[in-house]
Amino acid sequence: MVLALSTSAFAQSSDDDEWVSVDSPRPATSENNSSSYDGTNDSEFANDEEYASAYARYKTQTTSRSEISKQRSEGFSQSVFLGARVQGGFNTFLGSNSDGWGAGWNVGAGLIIKISMFTKNFSLVPELTFNYRQYNYEKDMDVYTNKAKLNIMLFELPIMFRYTFEQYDFFAAAGLHLGLKLMGDTEFSSEANGGVVTGNADKSTNTFVSTNMEVGMAIEGGYMLTRNIHLNLRVVQCFTNLLNQGLTVEPSFTNSTLLTFYTNVGVSFLF
């Protein structure tokens with residue numbers, strides 16, 4: 001155990017012989033040097049140019065990183081929009097030996113992505129839509145009438161290039177249209193006219209077959225009800241035959257070329 005003794009020093013006054021006590025000097029206390037520069041005038045480093053300059057550089061770098069991160073986040077959210085689209089309309093067939101095919105109908109829904117390109121007016125808009133179509137056929141053959149129906153479910157992948165006229169809230173687009181068949185079925189029948197009985201009065205199924213893929217072009221025009229809700233009218237013309245001639249045994253369609261043509265109205269909701 002260490003014992004600390006406090007002693008007093010005595011000195012003799014020059015004026016008399018009395019001895020006066022002189023307290024021992026107190027030990028110097030060390031100040032806390034752990035304080036740091038906080039950028040204010042009250043800081044102990046406020047007048048130190050080196051510390052002030054270093055602190056300024058630190059604040060600038062920190063702010064720059066924060067701003068860059070913020071701008072990247074805002075830029076991505078403003079350039080890429082995800083959403084959903086619902087559509088419905090009418091369809092038919094064009095092409096050789098396609099007379100008799102009247103108006104059918106289609107309905108679908110799916111996902112949409114809008115990606116800004118080059119400038120804020122140009123954008124790439126791909127979609128993935130599940131679509132159901134029904135085609136109706138009826139042709140008078142004098143003594144009997146041929147009737148047919150084609151149902152098909154498919155994924156549609158339109159890839160549209162869009163230009164937006166922001167001052168008018170209007171946009172126009174054109175692009176490639178792809179259709180991938182999921183499943184489908186057909187039926188065919190002949191009905192007698194005026195009481196004439198034919199040998200093919202009953203309905204036959206899948207005597208003509210649809211192909212697994214179609215390719216075409218699409219054009220559309222639309223109006224932005226709000227920034228996130230868009231209304232559009234689309235027209236699609238396919239260049240590939242939807243009829244699989246190799247599997248078609250129905251004589252009425254063996255030499256047919258069925259090119260899909262359809263129009264629909266769609267509403268898109270972007271987030």
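The values are calculated or read from the model by the stated rules, or taken from the named source; none is laboratory data. Worth saying up front: this structure is predicted, and the values here are computed from it rather than measured. When we count neighbours, we look across all protein chains shown, and the Cβ atoms used for this are built from the backbone with ideal geometry, even at glycine. Calculation scope for accessible area: heavy atoms of the full protein, side chains included, ligands and nucleic acids excluded. Shrake-Rupley method; radii C 1.70, N 1.55, O 1.52, S 1.80 Å.
Residue count for the stretch 240-259 satisfying the condition of being open to solvent by less than 50 Å² (accessible area, probe 1.4 Å) and either part of a helix (DSSP H, G or I) or within 25 Å of Phe171 (Cα to Cα) (or both): 2.
One line per residue, one yes/no per condition, for (1) modelled with pLDDT under 95; (2) more than 30 Å from Phe122 (Cβ to Cβ):
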residue: Ile159; (1), (2): no, no
residue: Ala172; (1), (2): no, no
residue: Leu180; (1), (2): no, no
residue: Asn206; (1), (2): yes, yes
residue: Met213; (1), (2): no, no
residue: Gly222; (1), (2): no, no
residue: Arg227; (1), (2): yes, no
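For the stretch 94-117, the set of residues classified as open to solvent by 30 Å² or more (accessible area, probe 1.4 Å) and not in a loop (DSSP other than H, G, I, E, B) consists of Leu94, Trp105, Val107, Ala109, Leu111, Ile113, Ile115, Ser116, Met117, listed by residue number.
Name, by its number, the condition in (1) touching a Gly at 6+ places or on another chain (Cβ under 7 Å); (2) open to solvent by 50 Å² or more (accessible area, probe 1.4 Å); (3) not aliphatic (A, V, I, L, M) that does not hold for Asp185. Just one mismatch for Asp185, condition (1).
Taking every residue in the stretch 85-99 that is under 14 Å from Val236 (Cβ atoms) and of a type outside the set (A, V, I, L, M) and pairing it with any residue that is open to solvent by less than 70 Å² (accessible area, probe 1.4 Å) and part of a loop (DSSP other than H, G, I, E, B), at least 6 positions away or on another chain, the pairs with Cβ-Cβ distances below 7 Å are Thr92/Gly102; Phe93/Leu258. Out of all the residues in the stretch 215-230, is one or more aromatic (Phe, Trp, Tyr), surrounded by fewer than 15 Cβ atoms within 10 Å (Cβ to Cβ) and part of a strand (DSSP E or B)? The answer is yes, given that some residue of the stretch 215-230 is aromatic (Phe, Trp, Tyr), surrounded by fewer than 15 Cβ atoms within 10 Å (Cβ to Cβ) and part of a strand (DSSP E or B).
Could you tell me whether the stretch 260-268 includes any residue that is within 25 Å of the chain's Cα centre (by Cα), closer than 20 Å to Leu94 by Cα and surrounded by fewer than 20 Cβ atoms within 10 Å (Cβ to Cβ)? There is at least one residue in the stretch 260-268 that is within 25 Å of the chain's Cα centre (by Cα), closer than 20 Å to Leu94 by Cα and surrounded by fewer than 20 Cβ atoms within 10 Å (Cβ to Cβ).
With respect to the conditions (1) open to solvent by 20 Å² or more (accessible area, probe 1.4 Å); (2) at pLDDT below 95; (3) in a strand (DSSP E or B), Tyr132 lacks only one, and its number is (2). Residue pairs whose Cβ atoms lie under 9 Å apart, separated by 6 or more positions or on different chains, with the first residue in the stretch 203-220 and without any contact (Cβ under 8 Å) to a residue 24 or more places away in the chain and β-branched (Val, Ile, Thr) and the second assigned to a strand (DSSP E or B) and open to solvent by 20 Å² or more (accessible area, probe 1.4 Å), are Thr205/Asp185; Thr205/Glu187. Note on the stretch 77-93: residues that are among the polar types (S, T, N, Q) and either within 30 Å of Asn255 (Cβ to Cβ) or part of a strand (DSSP E or B) (or both) total 3.
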